[in-house]
Amino acid sequence: MHIGLTGWQREAAEGGHRELLALFQRADELGFDSLWLAEYHFRRTGLPYPSPLLLAAAVFARTERMRVGTGVTLVPLHHPLILAEQLAQLDVQSEGRLDVGIGRPNDGGFLAALGIDPATKHERFVRGYDLLLRAWTEGRAASTDGPWRFAETEVGPAPVQQPNPPIWVAGMSAETIGFAVERRLPVLLSLERPEGLQLERWRELPKTPEQTADLWRFSLNRYVFIGRTDEEAQARLDQALLPILRRRRWAPVDVDDRETVKTARANLIHHQAIVGTPDACIVEIERLAREVGTGHLRCVFNALGALDRATTLAQMELFAEEVLPACRAIGPL
């Protein structure tokens with residue numbers, strides 16, 4: 001099983017830049033397989049890294065083997081020729097360690113700020129993807145219709161990974177999940193709205209046996225709270241619980257109601273978190289591989305900023321020491 005990292009976005013990435021890069025360098029040394037960076041825009045505070053591509057370039061310069069993925073690149077915001085060149089350059093700089101997650105903005109304000117009609121975002125997403133692929137695989141692209149119109153244009157450099165860097169899709173809507181099935185692209189399953197809706201829509205669509213087998217490539221997302229003892233792990237969860245619940249938009253929780261919080265805590269453990277000793281974490285990851293059917297896990301060790309970097313690093317080191325070796329033996333079931 002592939003074990004990646006995510007959770008360093010918006011306020012969670014605030015703090016010293018060198019310290020953040022040192023943390024990512026340590027993750028590379030510990031043996032984590034990938035790091036995923038998100039794209040957000042147009043906030044003066046609480047958003048130190050609006051561009052995942054610029055941050056990825058810095059991470060690649062400090063690491064040797066860990067892959068870096070965009071989780072996600074908001075394709076409708078970008079001209080596909082420029083985006084194709086930027087991503088290909090990153091693939092070259094990293095010597096082929098780039099993953100490209102693609103999606104559409106959930107926040108219509110991103111589009112409106114750029115003068116883009118929000119009603120066109122799916123068209124721009126699909127068309128942008130097609131033009132990216134053409135630029136990478138053919139070295140040139142043209143577009144005579146749709147949101148971007150331009151004469152045949154040479155695009156470089158060529159990506160190291162041929163025919164193109166791995167592409168992942170993020171999305172909740174039936175049309176986006178359908179796009180992933182049609183193009184046989186793996187899905188980045190959600191954390192802050194548990195993945196059940198995505199999987200339900202995926203399972204409802206007609207698929208060939210080959211498309212059904214693609215589920216193993218889907219990437220699952222979980223908070224991780226690990227400790228030498230169960231009490232230590234549970235204490236870390238409790239430290240992060242209220243900040244996690246306060247930032248929820250898809251299922252708001254009254255954090256002043258003790259019984260509601262208790263129920264929400266139990267649901268978080270069941271649907272969104274891996275909690276416990278190293279042995280308990282291994283058992284849960286094996287269960288997820290068996291029941292969900294995915295072979296790619298993105299771990300959130302910092303509770304999206306609710307835990308400080310020292311605690312986050314302690315969790316990562318314990319996981320790498322005790323859990324990561326066992327994950328290597330988990331394969332398709």
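Residues that are in a helix (DSSP H, G or I) and basic (Lys, Arg): does region 41-53 have at least one?
Within region 41-53, none of the residues are in a helix (DSSP H, G or I) and basic (Lys, Arg).
Here are Ala142, Ala180, Ala119: which of them is in a helix (DSSP H, G or I) and modelled with pLDDT of 95 or more?
Ala180
Scanning region 71-108 for residues that are polar (S, T, N, Q) and surrounded by fewer than 23 Cβ atoms within 10 Å (Cβ to Cβ), which turns out modelled with the lowest pLDDT?
Filtering first and then ranking leaves Asn106.
Which of the numbered conditions does Arg228 fail, given that it passes all the others? Conditions: (1) farther than 18 Å from Pro325 by Cα; (2) in contact (Cβ under 8 Å) with a residue 60 or more places away in the chain.
Answer for Arg228: the failing condition is (1).
From the list Pro165, Pro186, Pro157, which one is surrounded by 19 or more Cβ atoms within 10 Å (Cβ to Cβ), more than 30 Å from Leu245 (Cβ to Cβ) and at pLDDT 95 or above?
Every option except Pro165 fails the conditions.
Regarding region 56-70, can at least one residue be identified that is under 27 Å from Glu14 (Cβ atoms), surrounded by fewer than 20 Cβ atoms within 10 Å (Cβ to Cβ) and over 21 Å from the mean Cα position of the chain (by Cα)?
No, that holds for no residue.
What pairs can you find where one residue is in region 65-84 and closer than 20 Å to Ser190 by Cα and free of Cβ contacts under 8 Å to residues at least 60 places away in the same chain, the other is among the acidic types (Asp, Glu) and outside any helix (DSSP H, G or I), and their Cβ atoms are less than 8 Å apart, with a gap of 6+ or different chains?
Val68/Asp99; Thr70/Glu39; Thr70/Asp99; Thr73/Glu39; Leu74/Glu39
Evaluate the following for Ile177: is it crowded, with 17+ Cβ neighbours inside 10 Å and within 18 Å of the chain's Cα centre (by Cα)?
Yes: the conditions hold for Ile177.
Answer yes or no: is there a residue in region 289-303 that is crowded, with 19+ Cβ neighbours inside 10 Å, on the phi > 0 side of the Ramachandran plot, part of a helix (DSSP H, G or I) and not acidic (Asp, Glu).
Taking every residue of region 289-303 in turn, at least one turns out to be crowded, with 19+ Cβ neighbours inside 10 Å, on the phi > 0 side of the Ramachandran plot, part of a helix (DSSP H, G or I) and not acidic (Asp, Glu).
Please give the helices (runs of 4 or more DSSP H) falling wholly within region 202-282 in which 3 or more residues are among the charged types (D, E, K, R) and farther than 20 Å from Leu188 by Cβ.
Because the criterion is at least 3 residues that are among the charged types (D, E, K, R) and farther than 20 Å from Leu188 by Cβ, the helices (runs of 4 or more DSSP H) in region 202-282 that meet it are 230-246, 258-271.
Considering region 321-333 alone, what residues qualify as being at pLDDT 95 or above and crowded, with 18+ Cβ neighbours inside 10 Å?
Val323, Leu324, Cys327
Tell me, which residue of region 143-154 that is of a type in the set (Gly, Ala, Ser) and either free of Cβ contacts under 8 Å to residues at least 12 places away in the same chain or out of contact with any Phe, Trp or Tyr (no Cβ under 8 Å at 6 or more places or on another chain) (or both) is surrounded by the fewest Cβ atoms within 10 Å (Cβ to Cβ)?
Checking each candidate, the answer is Ala151.
Would you check which residues across region 287-299 are closer than 25 Å to Glu14 by Cβ and in contact with a helix residue (DSSP H, G or I) (Cβ under 9 Å, 6 or more places away or on another chain) and list them?
Selection gives Cys299 alone.
The values are calculated or read from the model by the stated rules, or taken from the named source; none is laboratory data. Keep in mind that what you see is a predicted model, and the values were worked out from it rather than measured. Because the Cβ atoms are built from the backbone with ideal geometry, glycine has one as well, and the counts that use them run over all protein chains shown.
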